[in-house]
1. State which residue is nearest to Ile84 (Cα to Cα) when the search covers only the stretch 8-32 and only residues that are in contact (Cβ under 8 Å) with a residue 60 or more places away in the chain and out of contact with any Phe, Trp or Tyr (no Cβ under 7 Å at 6 or more places or on another chain).
2. Could you tell me which of the residues Val23, Val75 is of a type in the set (A, V, I, L, M), in a strand (DSSP E or B), open to solvent by 30 Å² or more (accessible area, probe 1.4 Å) and touching a Leu at 6+ places or on another chain (Cβ under 6 Å)?
3. Go through the stretch 26-41 and give me each residue that's part of a loop (DSSP other than H, G, I, E, B) and either among the acidic types (Asp, Glu) or under 16 Å from the mean Cα position of the chain (by Cα) (or both).
4. In the stretch 78-88, what count of residues is obtained for those that are in a helix (DSSP H, G or I), surrounded by fewer than 16 Cβ atoms within 10 Å (Cβ to Cβ) and touching a residue at least 12 places away in the same chain (Cβ under 8 Å)?
5. Scan the stretch 108-129 for residues that are over 13 Å from the mean Cα position of the chain (by Cα) and part of a strand (DSSP E or B) and jot them down.
6. Step by step: first the residues of the stretch 1-20, then only those that are open to solvent by 70 Å² or more (accessible area, probe 1.4 Å) and closer than 20 Å to Ala69 by Cβ, then the one that is modelled with the lowest pLDDT. Which residue is that?
7. Being open to solvent by 50 Å² or more (accessible area, probe 1.4 Å) and in contact (Cβ under 8 Å) with a residue 60 or more places away in the chain is the filter here; which residues of the stretch 54-72 pass it?
Amino acid sequence: MSRREEIRVPGLAEPISHFTDAVRAGDLLFISGVVPVDGDGNLVRADDVVEQARQVFANLAAVLAAAGATFADVVKVNVYLTDIADRPRINPVRQEIFGDVRPASTLVEVSALAVPGAKIEIEAVALLA
């Protein structure tokens, strides 16, 4: 029987709807979409997708750490951009964060995200030991 545990990370902004930061189900960690907001829920650098990507990855790192994981444990990411032309701008940030680890990935352009002004959102799945 697998266990299910909801994870809420202290220091991250409160979810804007009825969800939690992540759910552990057995050895899998499902991380909700992470947006570029600070701990108070304020959008970071509305004019800069690279800085927004850095904030998203910092928030994602906090969720991973709360579950005892790192980016090396990530097996899948879904990236949502409001402008697909931003992909080459955020890719170096991804490479910096993941290093030699290459998770499976999906990239989707969307017309808008739930946080007004957000240019990027990332959700992930990690394998926990």
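1. Residues of the stretch 8-32 that are in contact (Cβ under 8 Å) with a residue 60 or more places away in the chain, as a first pass: 16-17, 24, 27-32.
Then drop every residue that is not out of contact with any Phe, Trp or Tyr (no Cβ under 7 Å at 6 or more places or on another chain), which leaves 16-17, 24, 27-31.
Numbers: Ile16: 25, Ser17: 26, Arg24: 31, Asp27: 32, Leu28: 29, Leu29: 27, Phe30: 24, Ile31: 22 Å.
Filtering first and then ranking leaves Ile31.
2. Details: Val23 fails: touching a Leu at 6+ places or on another chain (Cβ under 6 Å).
Result: Val75 is the single residue among Val23, Val75 that is of a type in the set (A, V, I, L, M), in a strand (DSSP E or B), open to solvent by 30 Å² or more (accessible area, probe 1.4 Å) and touching a Leu at 6+ places or on another chain (Cβ under 6 Å).
3. To start, the set of residues in the stretch 26-41 that are part of a loop (DSSP other than H, G, I, E, B) comprises 26-27, 35-36, 38-41.
Passing the criteria: Asp27, Val35, Pro36, Asp38, Gly39, Asp40, Gly41.
4. Start the filter on the stretch 78-88 by keeping residues that are in a helix (DSSP H, G or I), which leaves 84-88.
This time we only want the ones that are surrounded by fewer than 16 Cβ atoms within 10 Å (Cβ to Cβ), so: 84-85, 87-88.
If we keep only those that are touching a residue at least 12 places away in the same chain (Cβ under 8 Å) too, we end up with 84, 87.
Total meeting the criteria: 2.
5. Val108, Glu109, Leu127
6. Within the stretch 1-20, the match that is modelled with the lowest pLDDT is Ser2.
7. Within the stretch 54-72, the first condition is being open to solvent by 50 Å² or more (accessible area, probe 1.4 Å), and the residues that meet it are 54, 58, 65-66, 68, 70, 72.
Listed by number, the list holds a single entry, Gly68.
The values are calculated or read from the model by the stated rules, or taken from the named source; none is laboratory data. A quick note: this is a predicted structure, and the numbers were derived from the prediction, not measured. Heads up, the Cβs are rebuilt from the backbone with ideal geometry, glycines too, and the neighbour counts pull from every protein chain shown. Ligands, DNA and RNA are excluded from the accessible area calculation, which covers all protein heavy atoms including side chains. Shrake-Rupley method; radii C 1.70, N 1.55, O 1.52, S 1.80 Å.
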